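**Q** Have a look at this one before I ask anything.
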Amino acid sequence: MSVKIYPMPVGDVQANCYIVSVDEKALIVDPGDEAAKIIQYLATKQLEPVAILMTHGHFDHIGALKEVQAKYEIPVYAHKDEEEYFTNAGYNLSWKAGRPPIEIRDLSKFTFIQEDQDIELLGQEIAVRHVPGHSLGSAAFYFKAAGIVISGDALFKGSIGRTDLIHGNFDQLITSIKTKLFTLPDDTIVYSGHGEATTIGDEKRMNPFFR
């Protein structure tokens, strides 16, 4: 069973939504905006979504979450420390983005991960790694057999996530990356919340925040 990953930049700030598929089943990662675009892609590729994974709860990553979840009635996985970002427009910054506040009141479909743990979806073992620093409950999803990690806004090609937002912490983010991401194999492909893919090895060698 080979894992396919399709990056789909969405919204005004072009946050990456990812469609991860194995055969005819799929995961939706960070449906940040443009729900119709996400739904159309899944229909065109004849993929059945089975879950939504959330790296974190800032507005540009959750803007289409309610609509997409309602369409497919599938579970949502996120870290427990991120809960208030989904319910509070002050935390997720939607009130600053010139759009209606995003506040998800019904969390009954959410599975909140307590700490680092493995989950199994699409027949894949996925390690959920807590990488706080950009937000309290930022999470990265490491697909072990496929050798890929979806890092959200923790680690980018040549950069790291902002730490000047609510509950951001520079030192914490640096520690998170070093202990939770840079311990992955160097050839692990990193799919970030914005921008191009990279590898763990390239970021260890060339990312200016770690040189």
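**Q** Here are some conditions: (1) of a type in the set (D, E, K, R); (2) farther than 22 Å from residue 15 by Cβ; (3) buried (at least 23 other Cβ atoms within 10 Å of the Cβ). Residue 153 meets all but one. Which one does it not meet?
**A** Residue 153 satisfies all of (1) of a type in the set (D, E, K, R); (2) farther than 22 Å from residue 15 by Cβ; (3) buried (at least 23 other Cβ atoms within 10 Å of the Cβ) except (2).
**Q** What strands (runs of 3 or more DSSP E) completely inside segment 23-130 contain at least 2 residues that are open to solvent by 10 Å² or more (accessible area, probe 1.4 Å)? Even if it seems obvious, please write down each step before you answer.
**A** Working: elements: 25-29, 48-53, 76-79, 110-113, 117-121, 124-130.
Hits in segment 23-130: 48-53, 110-113, 117-121, 124-130.
**Q** While we're here: Do we find a residue being open to solvent by 40 Å² or more (accessible area, probe 1.4 Å), in contact with a helix residue (DSSP H, G or I) (Cβ under 6 Å, 6 or more places away or on another chain) and either among the hydrophobic types (A, V, I, L, M, F, W, C) or not in a helix (DSSP H, G or I) (or both) anywhere in segment 2-21?
**A** So far as segment 2-21 goes, yes, one or more of its residues are open to solvent by 40 Å² or more (accessible area, probe 1.4 Å), in contact with a helix residue (DSSP H, G or I) (Cβ under 6 Å, 6 or more places away or on another chain) and either among the hydrophobic types (A, V, I, L, M, F, W, C) or not in a helix (DSSP H, G or I) (or both).
**Q** So if I check each of 91, 72, 85, which one is of a type outside the set (Val, Ile, Thr) and touching a His at 6+ places or on another chain (Cβ under 7 Å)? Lay out the reasoning, then the answer.
**A** Details: 91 fails: touching a His at 6+ places or on another chain (Cβ under 7 Å); 72 fails: touching a His at 6+ places or on another chain (Cβ under 7 Å).
Within the list 91, 72, 85, the selection yields 85.
**Q** Could we say that residue 30 is within 21 Å of residue 86 (Cα to Cα) and either without any contact (Cβ under 8 Å) to a residue 40 or more places away in the chain or in contact with a Leu (Cβ under 8 Å, 6 or more places away or on another chain) (or both) here?
**A** Numbers: within 21 Å of residue 86 (Cα to Cα): yes; either without any contact (Cβ under 8 Å) to a residue 40 or more places away in the chain or in contact with a Leu (Cβ under 8 Å, 6 or more places away or on another chain) (or both): yes.
In short, yes.
**Q** Could you grab me the full set of residues in segment 169-190 that are open to solvent by 40 Å² or more (accessible area, probe 1.4 Å) and in contact with a strand residue (DSSP E or B) (Cβ under 8 Å, 6 or more places away or on another chain)?
**A** At the first step, the residues of segment 169-190 found to be open to solvent by 40 Å² or more (accessible area, probe 1.4 Å) are 169-172, 175, 178-180, 183, 185-187, 189.
If the condition is that a residue be open to solvent by 40 Å² or more (accessible area, probe 1.4 Å) and in contact with a strand residue (DSSP E or B) (Cβ under 8 Å, 6 or more places away or on another chain), then 180, 186, 187, 189 are the ones that fit.
The values are calculated or read from the model by the stated rules, or taken from the named source; none is laboratory data. The model shown is predicted, which means the values in this text are computed figures rather than measured ones. When we count neighbours, we look across all protein chains shown, and the Cβ atoms used for this are built from the backbone with ideal geometry, even at glycine. These area figures cover heavy atoms from the full protein model, side chains too; ligands, DNA and RNA do not enter into them. Shrake-Rupley method; radii C 1.70, N 1.55, O 1.52, S 1.80 Å.
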